[in-house]
Amino acid sequence: MVNDTISDILTRIRNANLIKSQTVSVPLTRISKQIVEILEKQGFIESFQIFPSPLNSISFENTQQKKKENNEKDNELKQSTSALHCNATEGIVTLYLKYQGRERKPCITNLKRISKPGLRIYANHKEIPKVLGGMGIAILSTSKGIMTDREARFYGIGGEILCSIW
C-alpha cells in the first residue's frame, strides 16, 4: 500500500523516462486521473487509457448473464451495475509517454514533489511560483479542483502546490 499516491505517480513516470519506456501504468485514483488529464492537456504525454479492475468487469458480466434469465429485474440491475462500473475508482491508468527526435529525448525533463504528507505547502494566487519562468507547470489542489498554476492565477485562487513538471 502506497501512502503518497502523487509521489508514486511521479516516480513511475520518472523511472519510465529513464529507461525510455513507451508506456507506464499507474493505479487509478481520482487524483491520478486528474493529474494525467493535465499532463495530456499540457502536452507532456501523448495520451492515456483507463482500464477498470477485473473485479468490476466480472460483476458487470455476471449481471449480463442474469439479464437473460430475469427480464423483470433487467432495468434495475443494469442501471446499478453500469453506474458502479463507470464510477469505478479501482483499476489502472496507462500513460503513453512522448519523446522527441532520434535520440528519443523525453518531453518531461524533471518532476518534483513540492507539498509532501509531512510538510504541506500552500500559496495564494499571488505567491504561486512560476516553474522555469513559465516553461514548466506547477499542479495545484484548489477549492475548484486540481489545476495548473496558470489556471489558478487566472481564476485568482490559491491552494496546495502538489508538484512541478518541466
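Select from region 142-156 the residues that are in contact (Cβ under 8 Å) with a residue 24 or more places away in the chain and in contact with a helix residue (DSSP H, G or I) (Cβ under 9 Å, 6 or more places away or on another chain) and write down the one among them that is surrounded by the fewest Cβ atoms within 10 Å (Cβ to Cβ). Step by step, filter region 142-156, then rank; the result is G145.
For K20, the conditions (1) without any contact (Cβ under 8 Å) to a residue 24 or more places away in the chain; (2) outside any helix (DSSP H, G or I) all hold with the exception of (1).
From the residues in region 89-109 that are surrounded by 14 or more Cβ atoms within 10 Å (Cβ to Cβ) and touching a Lys or Arg at 6+ places or on another chain (Cβ under 9 Å), which one is nearest to S53 (Cα to Cα)? Step by step, filter region 89-109, then rank; the result is V93.
Restricting region 4-43 to residues that are under 19 Å from E90 (Cα atoms) and of a type in the set (G, A, S) leaves a set whose member that is surrounded by the fewest Cβ atoms within 10 Å (Cβ to Cβ) is S25. Taken together, the residues in region 107-150 that are more than 18 Å from L10 (Cβ to Cβ) and of a type in the set (S, T, N, Q) amount to 3. The single condition among (1) touching an Asp or Glu at 6+ places or on another chain (Cβ under 6 Å); (2) closer than 14 Å to I31 by Cα that I128 does not meet is (2).
Computed from the coordinates by the stated procedures, all read-outs in this text should not be read as laboratory data. Everything numeric in this text was worked out from a predicted model, so none of it was measured. Please note: Cβ atoms are built from the backbone with ideal geometry, for glycine as well, and neighbour counts cover all protein chains shown.
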